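Trainee: To start, I am sharing the structure in question, which I have written as structure tokens.
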Amino acid sequence: MHITFNRVSANYQLGPIKRADILTDLSAEVTPGSFTAVVGPTGAGKSSLLKLINGLLLPSVGEVSVGEVVFTAKASKQALKQVRKRVGMAFQFPEHQLFAETVYEDLAFGPRNFNISDSEIDTTIKHVCQLTGIDQSLLERSPFSLSGGQQRRVAIAGILATKPDILVLDEPAAGLDPVAKKQILEMLSHLHKTEKLTTLMVTHDMDDVVHYADDVIVMAEGQIKAHLDVRSLFSDQALLERYQLDVPTALSLQQQLEQAKGEQLNHRSLTLTELADYLIEEGWV
Amino acid sequence: MNRLIIGRYFPGSSLIHQLDPRFKLIFVLYFIGLLFFLDGMILQGVFFTLTLVIMLSTGVSLKTYVRGVRPLIWLILFATVLRIITTRGGEIYYEAGFFTLSEFGLLSGAYTFLRFVEMIFISTVLTLTTKPIDLTDAIYFLLKPLRYLYVPVEELSLMLSIALRFIPNLLDETEKVMNAQKARGMVFGEGNLLEQMKALTPLVLPLFAHSLKRAEDMADVLEVKGYKSGAKRTHYRALTWQVKDTLGVGLLVVLTVVVMTINVFG
């Protein structure tokens with residue numbers, strides 16, 4: 001499903017205190033079926049951008065459209081419900097949303113809110129358990145008795161259980177150990193491919209950007225500073241420096257080698273395999 | 001949640017802000033006590049004016065105070081109406097069985113209303129102009145004598161300051177969990193009372209689970225850092241009693257004398 005931002009500004013107005021805009025004059029387009037990474041320093045408005053997509057934050061100016069639903073400063077309950085069914089959203093530390101007595105009940109929470117029949121919920125839950133690698137024996141356990149990594153899986157499964165077309169992820173692997181982190185990201189990437197989910201992911205890890213994303217939105221100071229594909233981003237040294245973005249491990253290694261040798265490779269490598277290939281190709285090793 | 005004014009601190013540098021929190025706490029409690037001894041229109045007028053003067057001198061807009069009353073308005077109106085219809089005396093305008101509308105009834109209804117509003121206003125002044133942490137120190141100070149009755153005052157005040165410290169965190173977390181459940185299709189504030197209460201489970205349970213976990217961590221940290229209950233300790237923040245505070249006590253004495261004189265001779 002298509003997502004477009006048309007000159008959107010937004011703020012969190014709390015009662016009488018008028019805050020400065022968190023997001024100003026955003027315009028962007030996310031094509032269906034793409035995997036977009038959202039990067040930028042803390043406080044850039046990345047999480048707020050994600051919230052715009054399912055109407056948890058409404059634009060004060062401009063409009064956001066998700067599929068055929070359009071949000072402006074006012075949105076009907078109907079439109080909100082419709083969009084939230086189609087957008088699955090995982091916040092930072094999504095395991096904090098677990099509450100039910102059993103894993104099964106927690107997974108059924110989302111679909112029940114959208115009035116899906118019990119028999120259909122049952123098949124969906126079996127399906128998402130398979131997708132996310134949750135063992136059937138866990139379904140009757142309390143979610144609070146699971147390990148951190150398992151809780152994260154259950155939380156993400158609970159989001160997938162509403163069968164979204166769009167998946168919005170805010171640092172889905174934050175705070176996990178390296179193994180669990182890789183498993184979660186691989187699973188999400190697999191889902192993106194097999195279920196054709198349009199995916200947006202906030203991340204600070206540029207290696208994740210290289211491995212999973214097609215294109216990148218660079219945010220700073222509440223604005224979208226650039227929207228480009230992964231390779232163009234890492235070719236643009238000026239852009240990377242301006243917004244203090246890290247580079248992938250392979251590129252960082254390449255830059256150190258180049259500095260030590262006083263020469264430059266003809267290509268910029270994004271993965272270690274690429275780096276090894278270029279090094280051999282150009283006779284450095 | 002964000003509309004709740006009581007319990008919020010508005011930074012400022014007015015005279016009221018500068019007063020000693022111990023004095024402010026005593027003043028507010030005493031003032032509220034005095035409100036119950038007011039007799040007659042003149043005293044009511046004096047106290048209402050005094051409340052207004054104090055409110056205005058904090059530099060916080062009147063609108064803010066009025067918003068603080070709003071959540072309690074139904075309770076206040078209920079008490080007022082009850083007072084009006086159950087009091088008899090003076091000229092009776094209307095009577096139907098249990099229900100009467102009389103001169104005295106209307107008057108005492110008005111007093112009840114005023115008393116409630118003044119109570120809220122004056123306690124809002126306290127919380128708006130005093131940092132929660134200073135307020136805890138003041139409570140600690142006032143409870144100190146209870147130590148001789150083996151009340152664990154130190155622990156109570158530590159508990160209180162920890163609780164106050166974590167209110168903003170709890171609010172943040174509430175918002176996060178609320179958003180997460182909304183994203184899963186939850187709609188808050190729909191259906192009848194029972195349904196609405198049931199709908200709170202997905203919000204309250206995660207908050208409980210998380211708070212308990214944090215309490216455990218916090219207890220561990222206190223222990224690791226060598227906190228011992230019952231140990232003698234000094235204070236990092238010292239409260240200073242100034243001339244202004246003594247003058248304030250003078251005001252309380254004058255008010256008491258005036259109220260008592262009017263009650264006895266008026």
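Trainee: Spot the failing condition for B:Glu91; the list is (1) closer than 21 Å to B:Ile262 by Cβ; (2) more than 24 Å from the chain's Cα centre (by Cα), and only one is missed.
Mentor: It fails just one condition, (1).
Trainee: What are the residues in the stretch A:80-91 that are facing another protein chain (nearest Cβ under 8 Å) and in contact with a strand residue (DSSP E or B) (Cβ under 7 Å, 6 or more places away or on another chain), if any?
Mentor: Residues satisfying the conditions are A:Val87, A:Gly88, A:Met89, A:Phe91.
Trainee: Quick one: which helices (runs of 4 or more DSSP H) sit completely within the stretch A:204-285 and have at least 1 residues that are surrounded by fewer than 14 Cβ atoms within 10 Å (Cβ to Cβ) and polar (S, T, N, Q)?
Mentor: Counting at least 1 such residues, we get A:230-235, A:237-242, A:249-261, A:272-281.
Trainee: Any idea how many residues of the stretch B:165-185 are within 9 Å of another protein chain (Cβ to nearest Cβ) and β-branched (Val, Ile, Thr)?
Mentor: Qualifying residue count, the stretch B:165-185: 1.
Trainee: Sticking with this one: Is it fair to say B:Ile26 is under 13 Å from B:Thr112 (Cα atoms) and surrounded by 15 or more Cβ atoms within 10 Å (Cβ to Cβ)?
Mentor: no
Trainee: Okay, next question. Can you name every one of the helices (runs of 4 or more DSSP H) wholly within the stretch B:41-134 that holds 1 or more residues which are at pLDDT 90 or above, hydrophobic (A, V, I, L, M, F, W, C) and crowded, with 17+ Cβ neighbours inside 10 Å?
Mentor: B:41-56, B:73-86, B:103-129
Trainee: Can I ask one more? Residue check, B:Tyr227 against (1) surrounded by 12 or more Cβ atoms within 10 Å (Cβ to Cβ); (2) assigned to a loop (DSSP other than H, G, I, E, B); (3) within 25 Å of the chain's Cα centre (by Cα), all met but one. Which one?
Mentor: Tallying (1) surrounded by 12 or more Cβ atoms within 10 Å (Cβ to Cβ); (2) assigned to a loop (DSSP other than H, G, I, E, B); (3) within 25 Å of the chain's Cα centre (by Cα), B:Tyr227 fails exactly one: (3).
Trainee: Here is a further query. Residues that are in the same structural domain as A:Leu138 (by TED's automatic domain parsing) and within 18 Å of A:Thr162 (Cα to Cα): list the strands (runs of 3 or more DSSP E) wholly contained in the stretch A:1-103 that include at least 2 such residues.
Mentor: Because the criterion is at least 2 residues that are in the same structural domain as A:Leu138 (by TED's automatic domain parsing) and within 18 Å of A:Thr162 (Cα to Cα), the strands (runs of 3 or more DSSP E) in the stretch A:1-103 that meet it are A:87-90.
Trainee: Sticking with this one: Taking the stretch A:104-133 as the search range and keeping residues that are small (Gly, Ala, Ser), surrounded by fewer than 22 Cβ atoms within 10 Å (Cβ to Cβ) and assigned to a helix (DSSP H, G or I), which one is nearest to the other protein chains (Cβ to nearest Cβ)?
Mentor: A:Ala108
Trainee: What is the number of the single condition among (1) touching a Lys or Arg at 6+ places or on another chain (Cβ under 9 Å); (2) in contact (Cβ under 8 Å) with a residue 40 or more places away in the chain that B:Lys131 does not meet?
Mentor: (1)
The values are calculated or read from the model by the stated rules, or taken from the named source; none is laboratory data. For clarity, every value in this text was computed on a predicted model and none was experimentally measured. Note that we place each Cβ from the backbone using ideal geometry, even for glycine, and neighbour counts take in every protein chain shown.
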